[in-house]
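Peer 1: Can you keep this structure in mind? I'll have questions shortly.
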Amino acid sequence: VVALPPANIPAIEECDNASDGDDTNGFSTFDLTVNNTFLLSGKNAADFTFSYFKDLSYILTSEIYTPSNFENTVKDGQLIYVRIANNLDPTCLIETSFDHINF
């Protein structure tokens with residue numbers, strides 16, 4: 001069973017840096033998985049699969065395939081959508097979102 005995600009999921013914040021050649025363009029690389037433990041609320045991570053998306057449609061064309069190394073596609077940060085599926089019953093899932101902010 002997947003419980004409702006906790007309220008007030010913390011935003012992931014990252015300083016704009018020169019890793020992409022420009023430290024003022026509003027783009028940085030983020031590790032979106034840092035919220036996984038918070039989202040699971042004490043449940044065993046091995047029992048769940050996380051999928052991350054760039055928009056609310058949750059379609060494959062918006063899926064983020066390297067969430068531990070994601071560069072925002074919207075200047076200064078964006079809303080990230082996450083689907084958490086129970087590995088024992090993939091039809092049992094929840095969807096939520098959180099911000100990542102580039103400053």
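Peer 1: Do we find a residue being of a type outside the set (Lys, Arg), in contact with a helix residue (DSSP H, G or I) (Cβ under 6 Å, 6 or more places away or on another chain) and part of a strand (DSSP E or B) anywhere in segment 32-49?
Peer 2: Within segment 32-49, not a single residue is of a type outside the set (Lys, Arg), in contact with a helix residue (DSSP H, G or I) (Cβ under 6 Å, 6 or more places away or on another chain) and part of a strand (DSSP E or B).
Peer 1: Starting from segment 66-79, keep only residues that are part of a loop (DSSP other than H, G, I, E, B), then list their pairs with residues that are modelled with pLDDT of 90 or more and of a type outside the set (A, V, I, L, M) whose Cβ atoms are within a distance under 8 Å, requiring at least 6 positions of separation or different chains.
Peer 2: Short answer, once both residue conditions are applied: 73/54.
Peer 1: Has segment 25-45 got at least one residue that is at positive phi, among the hydroxyl-bearing types (Ser, Thr, Tyr) and loosely packed, with under 13 Cβ neighbours inside 10 Å?
Peer 2: Looking through segment 25-45, at least one residue is at positive phi, among the hydroxyl-bearing types (Ser, Thr, Tyr) and loosely packed, with under 13 Cβ neighbours inside 10 Å.
Peer 1: Turning to a different aspect of this structure: Determine if segment 58-68 includes at least one residue that is exposed (fewer than 13 other Cβ atoms within 10 Å of the Cβ) and acidic (Asp, Glu).
Peer 2: Within segment 58-68, none of the residues are exposed (fewer than 13 other Cβ atoms within 10 Å of the Cβ) and acidic (Asp, Glu).
Peer 1: Looking at this structure, is residue 85 among the small types (Gly, Ala, Ser), open to solvent by 60 Å² or more (accessible area, probe 1.4 Å) and touching a residue at least 24 places away in the same chain (Cβ under 8 Å)? Reasoning before the result, please.
Peer 2: Numbers: among the small types (Gly, Ala, Ser): yes; open to solvent by 60 Å² or more (accessible area, probe 1.4 Å): no; touching a residue at least 24 places away in the same chain (Cβ under 8 Å): yes.
In short, no.
Peer 1: Can you name the residue in segment 73-82 that is farther than 13 Å from residue 98 by Cβ and not hydrophobic (A, V, I, L, M, F, W, C) and is also most open to solvent (accessible area, probe 1.4 Å) among such residues?
Peer 2: Across segment 73-82, the extreme among qualifying residues is 75.
The values are calculated or read from the model by the stated rules, or taken from the named source; none is laboratory data. Please read all numbers here as calculations on a predicted model, not as lab measurements. Please note: Cβ atoms are built from the backbone with ideal geometry, for glycine as well, and neighbour counts cover all protein chains shown. Note: accessible area is taken over every heavy atom of the protein model, side chains too, but ligands, DNA and RNA are not part of it. Shrake-Rupley method; radii C 1.70, N 1.55, O 1.52, S 1.80 Å.
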